[in-house]
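J.: A single structure is presented below for examination.
The values are calculated or read from the model by the stated rules, or taken from the named source; none is laboratory data. Here the structure is a predicted model, which is why all the values come from computation and not from measurement. Ideal geometry is used to build each Cβ from the backbone, glycine not excepted, and the neighbour counts take in all protein chains shown. Areas reflect the complete protein model, heavy atoms only, side chains present, ligands, DNA and RNA absent. Shrake-Rupley method; radii C 1.70, N 1.55, O 1.52, S 1.80 Å.
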Amino acid sequence: MRASAAVVTGALALTSLVAPVAQADDKPVSDAPRSAFAAKGADDVQLGDTKISKVVVNGGKPVVAGTANVKFKVSFTASDNSGIASADAYLWHGAVGKEDGFVFAEEDTAKCGTGTTVTCTVTFVVEPWWDLNKNSLGTNWKVAATADAKDYDFTMKDNVKSFNIQRAAKLSVNASPEPVKKGKTLTVTGALTRINWETEKYAGYTDQSVQLQFRKKGTKAYSTLKTVKTDKKGNLKTTVKATVDGDYRYSFAGTTTTQAVNSGGDGIDVR
C-alpha cells in the first residue's frame, strides 16, 4: 500500500482539487478552477479565504529514528469564515518533481476542532526499515497540508513546514584508571556511533567535534573541559589531570542529520 501511495503522490496531493464543487444551496457549479489547478500541476493552490498556519512537527523537536518505529504528531491551524470541513497532511523529502521519500498519516483525515479557526492534528509513524531505507533521507523533510472549508473554499500547500528527521546516535565514555591519585593523568575514551539505515546497524561517526565535560561530586551541572574529535572509526580519546571526585562525560551537539546525545557519566574516585 505504501509503495502504491508513493507512486501516485502527485495525484494524491491534488485529490481535493478535482472533486466536483457545489454551492451552499447544493446547486452544482463549474469545477473548472480546481481542474485547471490540477492540469497545471500547481504546487500551492488556494480558492477563497481558507488558510493553513502555525504548523508544529513533533512538538518542535527533530524526529529521531534508529531501528524502531517512531510515532509523532503534526498539528496546524486551519481557518475559513464558513468553518473547516476537513483537512489532511503528509510528509515528503526531496525536491518537487524529484521526491524520494514519503510518509502518510495514520488517519484518513486530520482530527480538527469546530469553528472558523481550528487546530488540526495528524499522527505519523515512521518505519525506518521502509520509510528511511537511504541514509540521505536523514535531513530536511517537508509537510504538505490541505484544508477544505464548509463553503467549498480550499487550500493546498506542498511545503507549509520544514523539519529534520535525524539518524539516532549513541555516545559512550570511560575514564581510567579508577581510583586515581590526585594530580595523576586520567585517560578518557569513548565512541560516537549513529544508525546506518541501509544496514540497520550503528557505525562510527567520524571527524566530529565532541565535548569532554566534568561534574564535581555533589553538584548537578557539567562544565566543558575541552573539545575532542572522533577518529576514522568514531572513537574518542584524550587525557586530563585528576583533581577531585566527580563524573566525566562526552557531549555531542548533533548535526542536521544526526541527533544530539550525551553519554552517561563515569564517576572517578580521586585519592
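J.: Does segment 197-209 hold any residues that are out of contact with any Ser or Thr (no Cβ under 8 Å at 6 or more places or on another chain) and surrounded by 16 or more Cβ atoms within 10 Å (Cβ to Cβ), and which are they?
T.: Within segment 197-209, the subset out of contact with any Ser or Thr (no Cβ under 8 Å at 6 or more places or on another chain) is 197-199, 201.
Within segment 197-209, W197 is the sole residue that qualifies.
J.: Taking the condition of being of a type in the set (D, E, K, R), farther than 19 Å from D269 by Cα and in contact (Cβ under 8 Å) with a residue 12 or more places away in the chain, how many residues in segment 200-235 meet it?
T.: Going through segment 200-235, the residues of a type in the set (D, E, K, R) turn out to be 200-201, 207, 215-217, 220, 226, 229, 231-233.
Among the residues that remain, those that are also farther than 19 Å from D269 by Cα are: 200-201, 207, 226, 229, 231-233.
Next cut, in contact (Cβ under 8 Å) with a residue 12 or more places away in the chain only: 200, 207, 226, 229, 231-233.
Qualifying residue count, segment 200-235: 7.
J.: What residue, of T193, T114, T121, T189, is assigned to a loop (DSSP other than H, G, I, E, B) and without any contact (Cβ under 8 Å) to a residue 60 or more places away in the chain? Show your work before the answer.
T.: On the way: T193 fails: assigned to a loop (DSSP other than H, G, I, E, B); T121 fails: assigned to a loop (DSSP other than H, G, I, E, B); T189 fails: assigned to a loop (DSSP other than H, G, I, E, B).
Exactly one of T193, T114, T121, T189 is assigned to a loop (DSSP other than H, G, I, E, B) and without any contact (Cβ under 8 Å) to a residue 60 or more places away in the chain, namely T114.
J.: With a cut-off of at least 2 residues that are within 30 Å of A203 (Cα to Cα), open to solvent by less than 60 Å² (accessible area, probe 1.4 Å) and modelled with pLDDT of 50 or more, name the strands (runs of 3 or more DSSP E) lying wholly within segment 18-96.
T.: Working: elements: 45-47, 51-57, 63-65, 70-79, 84-95.
Per the criteria, 63-65, 70-79, 84-95.
J.: Return yes when N159 is touching a Lys or Arg at 6+ places or on another chain (Cβ under 8 Å), in a strand (DSSP E or B) and either open to solvent by 60 Å² or more (accessible area, probe 1.4 Å) or free of Cβ contacts under 8 Å to residues at least 60 places away in the same chain (or both) and no when it is not. Write out each step before concluding.
T.: Numbers: touching a Lys or Arg at 6+ places or on another chain (Cβ under 8 Å): yes; in a strand (DSSP E or B): yes; either open to solvent by 60 Å² or more (accessible area, probe 1.4 Å) or free of Cβ contacts under 8 Å to residues at least 60 places away in the same chain (or both): yes.
So N159 passes the test.
J.: V210 - would you say it is closer than 30 Å to Q46 by Cα and β-branched (V, I, T)?
T.: On the way: closer than 30 Å to Q46 by Cα: no; β-branched (V, I, T): yes.
No.
J.: Residues in segment 204-245 that are within 26 Å of the chain's Cα centre (by Cα), in a loop (DSSP other than H, G, I, E, B) and within 14 Å of V173 (Cβ to Cβ): how many?
T.: Selection size over segment 204-245: 2.
J.: Among the numbered criteria (1) open to solvent by 70 Å² or more (accessible area, probe 1.4 Å); (2) at positive phi; (3) more than 25 Å from the chain's Cα centre (by Cα), which single criterion is violated by K182?
T.: It is condition (2) that K182 fails.
J.: When segment 210-267 is examined, which residues are found to be among the hydroxyl-bearing types (S, T, Y), open to solvent by less than 30 Å² (accessible area, probe 1.4 Å) and under 29 Å from T67 (Cα atoms)? So that I can check it myself, show each step before the final result.
T.: Within segment 210-267, the first condition is being among the hydroxyl-bearing types (S, T, Y), and the residues that meet it are 219, 222-224, 227, 230, 238-239, 243, 248, 250-251, 255-258, 263.
Within this subset, residues satisfying the condition of being open to solvent by less than 30 Å² (accessible area, probe 1.4 Å) are 230, 238, 248, 250-251, 258, 263.
Scanning segment 210-267 gives T230, Y248, Y250, S251, T258, S263.
J.: Next question, about the same structure. Somewhere in segment 133-140, is a residue assigned to a strand (DSSP E or B), over 27 Å from A68 (Cα atoms) and not charged (D, E, K, R)? First the steps, then the outcome.
T.: Quick first cut of segment 133-140, residues assigned to a strand (DSSP E or B) only: 140.
Applying the additional criterion that residues be over 27 Å from A68 (Cα atoms) yields none.
Checked segment 133-140: no residue is assigned to a strand (DSSP E or B), over 27 Å from A68 (Cα atoms) and not charged (D, E, K, R).
J.: Does at least one position in segment 236-246 carry a residue that is farther than 30 Å from D131 by Cα and small (G, A, S)? Can you show your working first?
T.: At the first step, the residues of segment 236-246 found to be farther than 30 Å from D131 by Cα are 236-246.
Checking which are small (G, A, S) leaves us with 242, 246.
Looking for residues that are farther than 30 Å from D131 by Cα and small (G, A, S), one finds at least one in segment 236-246, hence yes.
J.: Does S176 satisfy the criteria of being touching a Phe, Trp or Tyr at 6+ places or on another chain (Cβ under 9 Å), of a type in the set (S, T, Y), at pLDDT 95 or above and open to solvent by less than 70 Å² (accessible area, probe 1.4 Å)?
T.: On the way: touching a Phe, Trp or Tyr at 6+ places or on another chain (Cβ under 9 Å): no; of a type in the set (S, T, Y): yes; at pLDDT 95 or above: yes; open to solvent by less than 70 Å² (accessible area, probe 1.4 Å): yes.
Considered against the rule, which asks whether it is touching a Phe, Trp or Tyr at 6+ places or on another chain (Cβ under 9 Å), of a type in the set (S, T, Y), at pLDDT 95 or above and open to solvent by less than 70 Å² (accessible area, probe 1.4 Å), S176 comes out as no.
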